[in-house]
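> Sharing a structure, written as structure tokens. Questions coming.
The values are calculated or read from the model by the stated rules, or taken from the named source; none is laboratory data. These numbers come from a predicted model, not from an experiment. So basically every Cβ, Gly included, is an ideal-geometry build from the backbone, and we count neighbours across all protein chains shown. The area values use the complete protein model at the heavy-atom level, side chains included, leaving out ligands, DNA and RNA. Shrake-Rupley method; radii C 1.70, N 1.55, O 1.52, S 1.80 Å.
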Amino acid sequence: MANEAQAGTGMPGKRYAFYPGCVSKGACKELKRATELVARHLGIELEELTEAACCGAGIMDDVDPEMTDALNARTLAMAEQRGLTLLTQCSTCQGVLNKINKELQRDKKKRDRINSILKETGYQYNGTVEVKHLLWVLVDENEYGLSRLREQIRRSLEGLSVAPFYGCYILRPSDLLGFDHPHRPTSLDELIRALGATPVDYNGKSKCCGFPLQLIHPKNSFTMAGNHLSEAKSKGADLMVTPCPLCHLNLDARQPEASRVLQEQGKISGEIGLPVLHLPQLVALALGYTPKELGMRTHITSTRPVEEKLGV
């Protein structure tokens, strides 16, 4: 691949226990690939937790909450055992893992109960691990930081209008995320600016994409996704970027269904047609990687308009 030789040009970074989540290892493998390219290029070392289980994301939790907590505590213990911060590229995984991490840190009785379950697996959770999303690592100057990221840019995204879609977990609940950190509520906008692009402000950027509703009420799910996409496009967005693979699935892969639902409701007359990128794909474009290397041609909603505007 043309840009592979460019990898490793960033300054040596920190090492993280990498938890990619399910979607980027299954339905959207290009998202994990983009994350690994970005990390290697910037000198961020990733040690993948290959034996970690799914975080559950509201599915397992409905069936057996305690087992879900134990599985996630096991994942946290894996990172803890390595003495590393747990890094995820999925804001849903971040939300689930961060929640149980904080609960177990605060509740010794619950921690002891979960550890009694974990004992059979050979792991013990001690409450010393941190959970961080890739977005926070890229923005935070104590981790990697935007100042260093700007130095690595090989293809400015100037001229692109990018709609940030934060979704649910990357911003909520604030008491678990530590919103005393000045960059958390605006981190995606700041990253977009650092890459040379212009963030598009719109009402839906911090709302739910609708993914959790797909199995229960798909029409409502597609309406939510469609409303966010069409609003962003009406405000001049060339594309949308999200830090969550699950949001990516609903906003990109199910965009044809979202378009049909909005057409039935008389809100639009044709396809929405707004390209959707996962966070590391946008970063990797600015680092000089090609759409082919980033798997953008596998997206359901064509990314050709973005490629043409960038001349790649």
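> For Thr50, work out the one condition from (1) in contact with a helix residue (DSSP H, G or I) (Cβ under 7 Å, 6 or more places away or on another chain); (2) in a loop (DSSP other than H, G, I, E, B) it doesn't fulfil.
All conditions are met except number (1).
> Same structure, new question: Could you figure out which of (1) modelled with pLDDT under 95; (2) in a loop (DSSP other than H, G, I, E, B); (3) buried (at least 18 other Cβ atoms within 10 Å of the Cβ) isn't true of Tyr125?
(1)
> Okay, next question. Hey, can you tell me all the residues within segment 78-116 that are open to solvent by 70 Å² or more (accessible area, probe 1.4 Å) and either within 15 Å of Leu135 (Cα to Cα) or small (Gly, Ala, Ser) (or both)?
Once the filter is applied, which keeps residues that are open to solvent by 70 Å² or more (accessible area, probe 1.4 Å) and either within 15 Å of Leu135 (Cα to Cα) or small (Gly, Ala, Ser) (or both), segment 78-116 yields only Ser116.
> Between a residue in segment 196-211 that is closer than 20 Å to Pro245 by Cα and any residue that is of a type in the set (A, V, I, L, M) and open to solvent by 40 Å² or more (accessible area, probe 1.4 Å), which pairs come within a Cβ distance under 8 Å, given they are 6 or more apart or on different chains?
Lys207/Met224; Cys208/Met224; Cys209/Met224; Gly210/Met224
> Restricting attention to segment 86-95, does a residue exist that is over 18 Å from Leu279 (Cβ atoms) and not hydrophobic (A, V, I, L, M, F, W, C)?
No; the residues of segment 86-95 include none that is over 18 Å from Leu279 (Cβ atoms) and not hydrophobic (A, V, I, L, M, F, W, C).
> Looking for whichever is crowded, with 24+ Cβ neighbours inside 10 Å and more than 26 Å from Trp136 (Cβ to Cβ) here; the options are Ala225, Ala232, Ala258, Ala284. Which one fits? First the steps, then the outcome.
Working: Ala225 fails: more than 26 Å from Trp136 (Cβ to Cβ); Ala232 fails: more than 26 Å from Trp136 (Cβ to Cβ); Ala284 fails: more than 26 Å from Trp136 (Cβ to Cβ).
Answer to the check: Ala258.
> So is Lys119 modelled with pLDDT under 95, surrounded by fewer than 15 Cβ atoms within 10 Å (Cβ to Cβ), over 19 Å from the mean Cα position of the chain (by Cα) and in a helix (DSSP H, G or I) or not?
Criteria met by Lys119.
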